[in-house]
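To keep things clear, I will list the structure first and then write my remarks on it.
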Amino acid sequence: MLFGEYLVVFRGGGDLATGAVYRLRRAGFPVLVLELEQPLAIRRSVAVATAIVDGRALIEDLDAIYIQDVEEAVAVARSGAIPVMVSPTLIQLPWEPAVVVDARHAKANIDTTINDAPLVVGLGPGFTAGVDCHAVIETMRGHFLGRVIWEGSPAANPAELDLLGIKPSERIVRAPTVGVLSWKVAIGDLVAAGDVLGDINGVPVRSRIGGVVRGQLPADYEVEWNWKIAEVDPHTDTRACFEISDAALAIGGGVVEAVLTWLNDRKPR
């Protein structure tokens, strides 16, 4: 492979990260993903983080596999599949990463530093290019989505309305209480506003809008009050629930551009 010697390590394997993992893998870069023991990715059907819970995740033609041993993880990355490991911090690997991508989308920099790798890329708000990373990718939908920022920070806040006039907060389903999740619906199901999607210790979980269930945390998760536990999309194309989104691919394109720019220059700008 043209880029087979450059290992890319992702911190976070949610749906936006998966768009970048997919594009880098298609371009020939070996990729390894680090995730939490209990991943919080809502769009599980298009998130490599799902491999932690299910053992394996097949997303389009991307094969993500839960791996516990670092030597095995490196071998899997070289093979073309995506090893996903549990680690909230960067770990020592027998193959030093050329690139680290912080794709946790916490909207704040948790612990990433510009010295974590020869090239460090942050996704979205919370990062400042030239300070805590070399490049930041814009994640806010709109004119600048997917652009590479080599100096400064991306937009701080999400757009207020989407194309159908629905506020982002209305799409998100939050835990009404503390307890164990149970679902009556699955990803891809159509629901109406007010429908009961499931419950937490007997307390009903309802959708605020009508649409398609685009994502949900796994059943039997222990959740805290107000956690994001599901998403309902007012667009009713169920295929989109199982395909990497346009936004994730645009962000992925930005990551590929940043990596290729760095390789061309052989130093961050």
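The values are calculated or read from the model by the stated rules, or taken from the named source; none is laboratory data. Predicted, not measured: the structure shown is a model, and the values here were computed from it. Heads up, the Cβs are rebuilt from the backbone with ideal geometry, glycines too, and the neighbour counts pull from every protein chain shown.
Could you say whether any residue in the range 92-101 is assigned to a loop (DSSP other than H, G, I, E, B), of a type in the set (Gly, Ala, Ser) and at pLDDT 95 or above?
yes
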(request) Within the range 73-88, track down each residue that is within 20 Å of Leu36 (Cβ to Cβ) and not β-branched (Val, Ile, Thr). (result) Ala73, Ala77, Pro83, Met85, Ser87, Pro88
(message) Need the failing condition index for Pro218 against (1) within 14 Å of the chain's Cα centre (by Cα); (2) assigned to a loop (DSSP other than H, G, I, E, B), just the number.
(response) (1)
(message) Let me spell it out: the conditions are (1) farther than 30 Å from Leu145 by Cα; (2) of a type in the set (S, T, N, Q); (3) touching a residue at least 40 places away in the same chain (Cβ under 8 Å), and Thr238 meets all of them except one. Which number is the exception?
(response) (1)
(request) Name, by its number, the condition in (1) in a helix (DSSP H, G or I); (2) farther than 21 Å from Arg104 by Cβ; (3) among the aliphatic types (A, V, I, L, M) that does not hold for Val232. (result) (1)
(message) Name the residue that is farthest from Gly179 (Cα to Cα), counting only residues in the range 200-248 that are surrounded by fewer than 19 Cβ atoms within 10 Å (Cβ to Cβ) and of a type in the set (Asp, Glu).
(response) Asp246
(message) Show me the helices (runs of 4 or more DSSP H) entirely contained within the range 1-91 in which 3 or more residues are under 18 Å from the mean Cα position of the chain (by Cα) and either basic (Lys, Arg) or assigned by TED's automatic domain parsing to the domain that holds Leu123 (or both).
(response) 15-27, 50-54
(request) State which residue is nearest to Arg171 (Cα to Cα) when the search covers only the range 235-249 and only residues that are not in a helix (DSSP H, G or I) and not hydrophobic (A, V, I, L, M, F, W, C). (result) His235
(request) Might you check whether a residue that is out of contact with any Pro (no Cβ under 8 Å at 6 or more places or on another chain), more than 19 Å from Cys241 (Cβ to Cβ) and buried (at least 24 other Cβ atoms within 10 Å of the Cβ) occurs anywhere in the range 62-83? (result) yes
(request) Inspect all residues belonging to the range 144-166 and state whether any of them is at positive phi and touching a residue at least 12 places away in the same chain (Cβ under 8 Å). (result) yes
(request) Determine whether the range 168-190 contains at least one residue that is under 20 Å from Ser45 (Cα atoms), among the hydroxyl-bearing types (Ser, Thr, Tyr) and either assigned to a strand (DSSP E or B) or within 20 Å of the chain's Cα centre (by Cα) (or both). (result) yes
(message) For a quick check of your reading of the model, give me the residue pairs whose first member lies in the range 75-90 and is touching a residue at least 12 places away in the same chain (Cβ under 8 Å) and charged (D, E, K, R), whose second is outside any strand (DSSP E or B) and surrounded by fewer than 23 Cβ atoms within 10 Å (Cβ to Cβ), with beta-carbon atoms closer than 7 Å and at least 6 apart or on different chains.
(response) none
(request) Look at Ile209 and say whether it is within 18 Å of His235 (Cβ to Cβ), in contact with a helix residue (DSSP H, G or I) (Cβ under 6 Å, 6 or more places away or on another chain) and either touching a residue at least 60 places away in the same chain (Cβ under 8 Å) or among the β-branched types (Val, Ile, Thr) (or both). (result) yes
